[in-house]
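Before any comments, here is the structure.
Values quoted throughout were computed directly from the atomic coordinates according to the rules given, and no laboratory measurement underlies them. Keep in mind that this is a model prediction, so the values were computed, not measured. Because the Cβ atoms are built from the backbone with ideal geometry, glycine has one as well, and the counts that use them run over all protein chains shown.
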Amino acid sequence: MSKDTLRITEIFYSLQGEGTTVGLPTTFVRLTGCPLRCGYCDTEYAFHGGETRSLDDIVSEVDSLPAQYITVTGGEPLAQKRVHLLMKQLCDKGYKVSIETSGSMDVSQLDERVVKVLDVKTPCSNEEDKNLHANYAYLNPTDQLKYVIADKTDFDWSIKHMLEHNLNNRCEILFSPCMGEMEASQLADWVLQEKLAKAKFPIRFQLQLHKILWGDSPGK
């Protein structure tokens, strides 16, 4: 029995709202705490509080839920080092595991079976200087980079950033409109106007399915 613990805000079963597995039933393990304060953050309730739980207890609850896909999220899950042990245990049990991280913390030690979903910090986040560029060397074709776009400045910055680091030849690229800041149709038009559709990993426009279905309700 493991005595290792993590601070957990919530564990819940829902549909994946973003990325390449959007719409799939998924168990979410949301860790507590985050060192960043992004302007578009929609999970501020996970900054504090939570409950200290053993890894065995967390895995047991995951086992009790019906999903094969597991997303470890936050907050910033990599701020708690024992999260690596949790993800290894889940992978060893045959789950398909992904981690949603800000991209500001080192991903080099992640289990190679874990799909990395990095949230690149655009200017509207007010945390642009926190992007850890060294992380890009550890991206695999199955990984994902998400850019949250609030305006044309963010869009142009994101295109430049993606091309400067050759990211559209490394992994899936996701562009998502910042809810309440810009029209989704405008971002869709900009994506279509870009001459990048023949890239190895062309930009994938996305909406947040969970917000369309349930708004900002926690645990959805």
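Just checking the listed ones, Asp111, Asp92, Asp56: in the Gaussian network model of the chain with Cα springs under 10 Å, the one fluctuating most is Asp92. The DSSP beta bridges internal to the stretch 5-214 are antiparallel in roughly 30% of cases.
Students often get this wrong, so check it: of Lys3/Lys93; Lys96/Lys146; Lys81/Lys200; Lys130/Lys160; Lys130/Lys211; Lys96/Lys121, which have C-alpha atoms separated by over 29 Å?
On the way: Lys3/Lys93 19 Å; Lys96/Lys146 20 Å; Lys81/Lys200 33 Å; Lys130/Lys160 17 Å; Lys130/Lys211 26 Å; Lys96/Lys121 26 Å.
The pairs that break the limit, which is 29 Å between Cα atoms, are Lys81/Lys200.
Site-free segments of the chain were taken between GluC sites (Glu not before Pro) in DSSP loops having at most 10 other Cβ atoms within 10 Å, sites themselves excluded; the longest one is 1-111. Under the combined filter of DSSP loop state and at most 16 neighbouring Cβ atoms within 10 Å, the stretch 75-109 retains these trypsin sites (Lys or Arg not before Pro): Lys81, Arg82, Lys93. Give the Kirkwood hydrodynamic radius (Å, one decimal) of the stretch 4-107, defined as one over the mean of 1/r across all pairs of different Cα atoms. So the Kirkwood estimate lands at 13.8 Å.
What fraction, in whole percent, of alpha-carbon pairs in the stretch 129-220 exceed 21 Å separation?
Working: 1482 of 4186 pairs.
Result: 35 percent of Cα pairs exceed 21 Å.
Highest mobility in the GNM of the chain, judged by mean-square fluctuation with C-alpha springs under 10 Å and restricted to Thr52, Thr73, Thr101, is found for Thr52.
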